[in-house]
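Peer 1: Dropping a structure here in structure tokens format, bear with me for questions.
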Amino acid sequence: MIELSVSRARSTLASLRLAVLMFLADPQWLIPSMIAPVIFGLVAFEIFRGSGPYFVVYAILGAGMMSMWGQTLYGSGWATGQDREFGTLEPTLQAPTPYLYVVLGRVIWNVLSGLIGGLIVYLVVILAYGRPPPLVDPWAFAGLFVFVVLTLAAVGVVFAAFYVYTRYAGFIQNVGEFAFYVGTGCMFPVVLLPFWTSPFSLFFPPTWALDALRYLAIPGYAGFSWGFGIDLLGAVGTTAVYLAVAGSVFQQVQRHVLESGDLQEY
């Protein structure tokens with residue numbers, strides 16, 4: 001049992017190290033995850049500069065979510081697509097260590113890089129503003145901000161699991177990118193959308209977490225009528241469901257590869 005745990009930890013660390021090296025070797029990721037969100041954050045800040053102090057929080061959240069989407073959700077969703085592209089999917093799935101732990105290493109790096117991108121946006125916007133944003137509880141805000149990244153990662157892991165069954169993963173992600181921005185409240189609160197869209201939005205953990213984050217950070221915020229507590233419970237519950245679904249799908253994929261030896265039909 002101890003040897004198995006060590007093997008899984010070693011695989012996760014090796015996958016994490018490789019993900020970092022691949023990120024550094026491919027600078028194009030700096031544009032969507034580090035540079036573009038800063039530009040959007042500064043534009044939003046300039047547009048709403050005279051609209052009150054709490055619009056600074058909106059600028060930080062909107063641009064920060066762009067950065068975290070670029071790495072945490074998009075990158076995690078592509079965690080299996082890269083193995084298909086490089087021809088390493090079947091050999092990796094046939095290794096003694098469950099494939100989930102290989103994907104986990106990539107997801108950990110995506111979470112960390114998403115947080116770094118969000119932190120860069122935060123620092124740039126407050127430098128432009130000249131002082132920290134007016135947060136009632138900065139430490140609670142920071143903790144919940146990290147949790148939002150984890151909800152994005154949970155969605156990414158589910159995407160990564162199901163993308164094994166399609167050769168159009170990149171196409172699906174590119175088409176759904178801005179729909180996800182809008183539908184989960186990354187760019188603005190979901191309650192501003194038509195009422196019929198809310199049931200679809202609530203399928204995604206970030207919708208709940210982002211609404212809770214705004215309740216925490218913005219006095220007088222009017223989001224979903226059930227308030228902060230239910231938002232937080234909903235975020236935790238949907239995140240747990242997503243992770244359970246992802247684990248189940250990865251087990252099914254691994255069992256299929258071990259039985260047939262490949263994924264040629266997909």
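Where a number appears in this text, it was derived from the coordinates with a stated rule and is not lab data. All values reported here derive from a predicted model rather than from experimental measurement. Using ideal geometry, Cβ is built from the backbone for each residue, glycine included, and neighbour counts are taken over all protein chains shown.
Peer 1: Using a simple spin-label model with points 7 Å from Cα along the Cα→Cβ vector, what separation in nm is obtained for R17 and Q82?
Peer 2: Label at R17, label at Q82, 1.5 nm between them.
Peer 1: Would you please give the FRET efficiency between V182 and I116, computed as 1/(1 + (r/R0)^6) with r the Cβ-Cβ distance and R0 = 25 Å, to the nearest 0.05?
Peer 2: That gives a FRET efficiency of 0.55.
Peer 1: Next up: How would you rank W226, W208, W109, going from fewest to most other Cβ atoms within 10 Å of each one's own Cβ?
Peer 2: By the 10 Å Cβ count, ascending: W226, W109, W208.
Peer 1: Show me 125-132, 213-220 ranked by packing, highest mean number of other Cβ atoms within 10 Å first.
Peer 2: 213-220, 125-132
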